[in-house]
1. When residues of segment B:56-86 are filtered for being farther than 24 Å from residue B:128 by Cβ and surrounded by fewer than 19 Cβ atoms within 10 Å (Cβ to Cβ), how many remain?
2. Answer yes or no as to whether residue A:24 is assigned by TED's automatic domain parsing to the domain that holds residue A:121, touching a helix residue (DSSP H, G or I) at 6+ places or on another chain (Cβ under 6 Å) and either surrounded by fewer than 20 Cβ atoms within 10 Å (Cβ to Cβ) or at pLDDT below 85 (or both).
3. Name the residue that is modelled with the highest pLDDT, counting only residues in segment A:27-61 that are outside the structural domain of residue A:90 (by TED's automatic domain parsing) and at positive phi.
4. Counting only residues that are within 13 Å of chain A (Cβ to nearest Cβ) and in contact (Cβ under 8 Å) with a residue 12 or more places away in the chain, which one in segment B:55-65 is farthest from residue B:85 (Cα to Cα)?
5. Do we find that residue A:50 is surrounded by fewer than 24 Cβ atoms within 10 Å (Cβ to Cβ), more than 10 Å from chain B (Cβ to nearest Cβ) and touching a helix residue (DSSP H, G or I) at 6+ places or on another chain (Cβ under 7 Å) in this structure?
6. Return the residues of segment A:34-47 that are within 21 Å of residue A:377 (Cβ to Cβ) and buried (at least 18 other Cβ atoms within 10 Å of the Cβ); say none if nothing qualifies.
7. Name every residue in segment B:28-46 that is crowded, with 19+ Cβ neighbours inside 10 Å, touching a residue at least 60 places away in the same chain (Cβ under 8 Å) and either assigned to a helix (DSSP H, G or I) or within 14 Å of chain A (Cβ to nearest Cβ) (or both), in order of residue number.
8. Conditions: (1) crowded, with 21+ Cβ neighbours inside 10 Å; (2) modelled with pLDDT of 90 or more; (3) within 20 Å of residue A:228 (Cα to Cα). Residue A:378 meets all but one. Number of the miss?
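The values are calculated or read from the model by the stated rules, or taken from the named source; none is laboratory data. Model, not experiment: these values are computed from the prediction. Using ideal geometry, Cβ is built from the backbone for each residue, glycine included, and neighbour counts are taken over all protein chains shown.
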């Protein structure tokens with residue numbers, strides 16, 4: 001079923017010995033402070049043990065000491081590339097727990113910002129993946145366009161990277177007056193650049209050679225490990241929380257769930273996972289276009305429903321949403337006070353990383369970097 | 001402040017620069033400062049944006065190096081945890097003199113939002129290594145980071161190499177003494193900690209286990 005990459009050199013003739021080497025935690029290609037203990041036989045990876053905890057920032061314990069609105073900035077700092085998406089499941093879950101129904105306009109704004117942040121995240125993921133493969137130019141192009149999205153976020157929330165924008169019951173501020181126009185500008189620029197990147201990077205024969213038939217993740221293994229997001233969809237499984245369990249207003253919008261098809265190599269290889277991200281950007285653009293078309297002109301008070309004192313009734317809730325990296329969920333236990341009794345995060349990257357030892361055995365050590373890059377992990381979320 | 005500005009000087013001018021060897025050395029040192037990439041957390045993403053097309057950090061002469069042995073200064077960008085503390089110090093010790101440290105972001109400066117309840121967070125990287133420039137922000141804006149970088153360049157360009165102390169301006173002297181004091185404190189502490197570390201029998205003992213937490217709660 002899974003065809004391993006053919007290596008021309010006959011390693012049975014080469015005198016090799018097994019050794020254990022460390023990669024990280026300050027290696028630039030590990031996408032953060034991840035240490036990989038790699039067991040190699042010659043240049044072939046025989047085992048990988050990820051060591052985590054270099055960025056453990058005590059999120060879950062700190063939440064027990066915070067009031068509910070104070071938790072949001074800490075959630076921002078979990079997956080710091082897609083902060084808007086991180087806030088979403090928590091805020092939606094808290095609203096469900098407290099019985100607040102936010103108006104459609106706020107939901108539309110939330111969707112628009114979540115999709116914009118999804119684009120920004122995928123741009124960074126594709127850019128750094130290209131960087132791992134040795135392609136520096138797409139990095140510059142994609143980061144140039146990412147600045148446009150960050151500028152819009154900055155106008156809305158005041159932060160370039162960490163926003164604290166979605167509040168329980170509403171938003172921090174209303175969108176800037178130029179919101180619609182800027183969204184349209186971003187969409188047209190993203191589409192133009194994506195076309196360039198498709199030609200420059202994704203369709204580049206060197207890049208294709210480097211990524212096809214590497215790190216093949218079969219669908220059954222993906223399901224067994226519980227991975228989600230582009231990693232799961234890259235293996236050909238049609239599972240997207242926006243479609244299967246819609247939240248906000250996603251059920252009223254028209255978009256496709258992108259799945260890998262194994263166009264270049266085997267289904268579920270690094271190239272497939274990457275192309276899913278590229279195509280998801282286009283789907284996000286489609287969603288934003290529909291939001292702009294339906295966006296009400298008159299402004300409203302976005303803080304009208306924000307409770308003065310967030311004190312949910314006794315109870316518990318698990319709230320999840322489709323993060324750019326996969327399913328992010330928060331399990332919130334309330335004991336009726338102003339502080340959460342327990343806060344548990346189902347971190348996407350943590351689950352996605354767990355599949356790394358399974359899919360990287362038998363490949364060259366340089367392919368390990370590509371496999372790790374294609375998983376698109378963030379250590380802030382893994383260690384929390 | 002630059003050496004080349006003197007070319008337009010009415011007295012020197014005409015392609016002639018009068019100055020000391022120290023001026024020339026410091027000019028070269030301050031305009032080509034290579035840094036060690038040490039991205040830890042959120043600030044590292046902002047740091048990637050700094051290196052990308054829009055902000056283009058290389059125009060300041062700062063080029064990323066991946067090895068501490070080639071670097072002039074280290075930029076600690078992000079939350080330093082107890083597990084990371086040993087490594088950060090090792091990297092700093094591997095750098096060759098003269099070496100400088102920039103602390104980027106609230107977490108590296110003081111512990112940031114994790115100051116109060118972060119049981120695994122070192123409350124400021126200056127408890128590990130002597131810091132020269134602090135850049136505030138969570139994360140700092142790229143412009144704020146550039147200000148910090150220019151401050152560091154200014155510091156390098158006015159540093160005394162050959163000059164006698166009597167001839168230095170009061171400002172430069174104070175800066176030099178502060179730096180020397182920090183480095184001396186660091187060396188003393190490092191020597192002490194090394195003794196403790198070698199004497200420790202306990203397996204898995206970290207040099208930075210609970211010390212920093214206690215300090216954080218006292219202050």
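1. 6
2. So residue A:24 does not fit the description; no.
3. A:42
4. If we take residues in segment B:55-65 being within 13 Å of chain A (Cβ to nearest Cβ) and in contact (Cβ under 8 Å) with a residue 12 or more places away in the chain, then B:55 is farthest from residue B:85 (Cα to Cα).
5. Judged against the criteria, residue A:50 is a match.
6. A:34, A:35, A:36, A:38, A:45
7. Correct list: B:30, B:35, B:40, B:41, B:42, B:43, B:45, B:46.
8. Condition (2) is where residue A:378 drops out.
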